[in-house]
1. I need the full set of residues from segment 1-52 which are open to solvent by less than 100 Å² (accessible area, probe 1.4 Å), β-branched (Val, Ile, Thr) and closer than 17 Å to Tyr66 by Cβ, in order please.
2. Of all residues in segment 1-19, which are within 20 Å of Leu60 (Cα to Cα), aliphatic (A, V, I, L, M) and touching a helix residue (DSSP H, G or I) at 6+ places or on another chain (Cβ under 7 Å)?
3. Please enumerate the residues belonging to segment 16-49 that are β-branched (Val, Ile, Thr) and touching a residue at least 12 places away in the same chain (Cβ under 8 Å).
4. Looking at Phe52, Phe82, can you tell me which residue is in contact (Cβ under 8 Å) with a residue 12 or more places away in the chain and hydrophobic (A, V, I, L, M, F, W, C)?
5. Anything in segment 53-91 that is open to solvent by less than 90 Å² (accessible area, probe 1.4 Å), farther than 16 Å from Val11 by Cβ and in contact with a Ser or Thr (Cβ under 9 Å, 6 or more places away or on another chain)? List them, or say none.
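The values are calculated or read from the model by the stated rules, or taken from the named source; none is laboratory data. The model shown is predicted, which means the values in this text are computed figures rather than measured ones. Every residue, glycine among them, receives a Cβ derived from its backbone with ideal geometry; neighbour counts consider all protein chains shown. Accessible surface is based on the protein model in full, side chains and every heavy atom, while ligands, DNA and RNA are left aside. Shrake-Rupley method; radii C 1.70, N 1.55, O 1.52, S 1.80 Å.
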Amino acid sequence: MKTIIVIIALVIISPLFGVVLADMVGYHEPLDVAAEELGLNDTSEEVNWTPFFDYSIPGLDPVIGYILSGFIGIGVIIAIGFILRKVVERR
């Protein structure tokens, strides 16, 4: 139970670091900076295959979208873990 509480708390405060403070200090991903230095074009929005681009959900406030995409990601990881556990238990 403690682990779940810690995970929930970390997901809830994650936008503080990934959205709010990143905007305040003008943080850019290192690979984006390197690509810009090399003169490469940013095509990430053109080839985007996910509705959660930049950990956001279209139509929602970026902070709320960041939190929801965090919970969705954790849910996917937990589901994969349960599926793998069932596969291993059957063998």
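1. Ile7, Ile8, Val11, Ile12, Ile13, Val19, Val20, Thr50
2. Within segment 1-19, Val11, Ile12, Val19 meet the criteria.
3. Within segment 16-49, Val19, Val20 meet the criteria.
4. Phe52
5. Phe53
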